[in-house]
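Step one of this worksheet: look at the structure below.
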Amino acid sequence: MSRELTQQTGLSESDFEVLCALAESCATSVRAMELRCGLEWEKSRLSHQLRRMQQRGLVDRAGCDDDGRASMVQITAVGRDVLGRAREVNDALVQRYVVETLGASRLDALGEIAGLVLAALDDETGPTHH
C-alpha cells in the first residue's frame, strides 16, 4: 500500500504521516517537539523529514516567538492539496486490500479482536482470558 501511495501521489509513508498529523492539529502551527512526540519519532528523523518536505513545498518551518530554541511547523497549501489526494488514494487502497479482501464477517471479527486487545492494553491488571 505504501508503494502504491508513493506511485500515485509522490508522498512517502513518512510524508503522509507528517501531513496527516499537521492537518489534524487544531492549531495552524505545531511545535516540532509536539509533532515528534505525537509521531513517536527520534528528533533527527523528524528534522531530516521536515527538511525534505520543506524543500518540496509541503511544509513551512519557522522559529517560535516565545522560545528561541523551538521551531514551529505548518502545512502549506501545496501540502494540503497533496494530502487531500493522498487521503483519497489511501482510502481506496484500504477499501480494496482490507475491506474487500476480508468481507463483512471477518471485519466484524477483526473489530472484536482489536477491541479485546485494546481493552487488555488499557487494563492495568493485565490481559483477561476469554
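The values are calculated or read from the model by the stated rules, or taken from the named source; none is laboratory data. Computed from a predicted structure; not experimentally measured. Cβ atoms come from the backbone with ideal geometry, glycine included; neighbour counts cover every protein chain shown. In case anyone asks, the SASA skips ligands and DNA or RNA and just uses the protein heavy atoms, side chains included. Shrake-Rupley method; radii C 1.70, N 1.55, O 1.52, S 1.80 Å.
Sum -39500 (n - 2.57) across every DSSP H segment of at least 4 residues in the chain, then divide by the residue count to get the 222 nm mean residue ellipticity, nearest 500.
About -20000 deg cm²/dmol.
Just to be sure I understand the model, the point goes 7 Å from the Cα along the line to the Cβ. What's the resulting D123 to A77 distance in nm?
Result for the modelled spin labels: 5.3 nm.
If I take R0 = 22 Å and measure r between the Cβ atoms of A23 and H48 in this structure, what FRET efficiency does the formula 1/(1 + (r/R0)^6) give, to the nearest 0.05?
E between A23 and H48, to the nearest 0.05, is 0.60.
Can you give me the three principal axis dimensions of the stretch 36-103 from its C-alpha atoms, in Å, biggest first?
52, 25, 20
If you wrap a convex hull around the C-alpha atoms of the chain and split its volume per residue, what is the figure in Å³?
150 Å³
For the pair D91 and A70, how long in nm is the line joining their label points, each one 7 Å along Cα→Cβ?
3.3 nm
What stretch of the chain, leaving out the sites themselves, is the longest with no GluC sites (Glu not before Pro) in a DSSP loop having at most 14 other Cβ atoms within 10 Å?
Within the chain, the longest run free of exposed GluC sites (Glu not before Pro) spans 43-123.
Before I look further, what does the stretch 1-108 give for accessible area per residue, probe 1.4 Å, in whole square angstrom?
Result: 64 Å² of accessible area for each residue.
Working with all protein chains in place, sort M53, M1 by solvent-accessible area computed with a 1.4 Å probe, largest first.
Listed by decreasing accessible area, they come as M1, M53.
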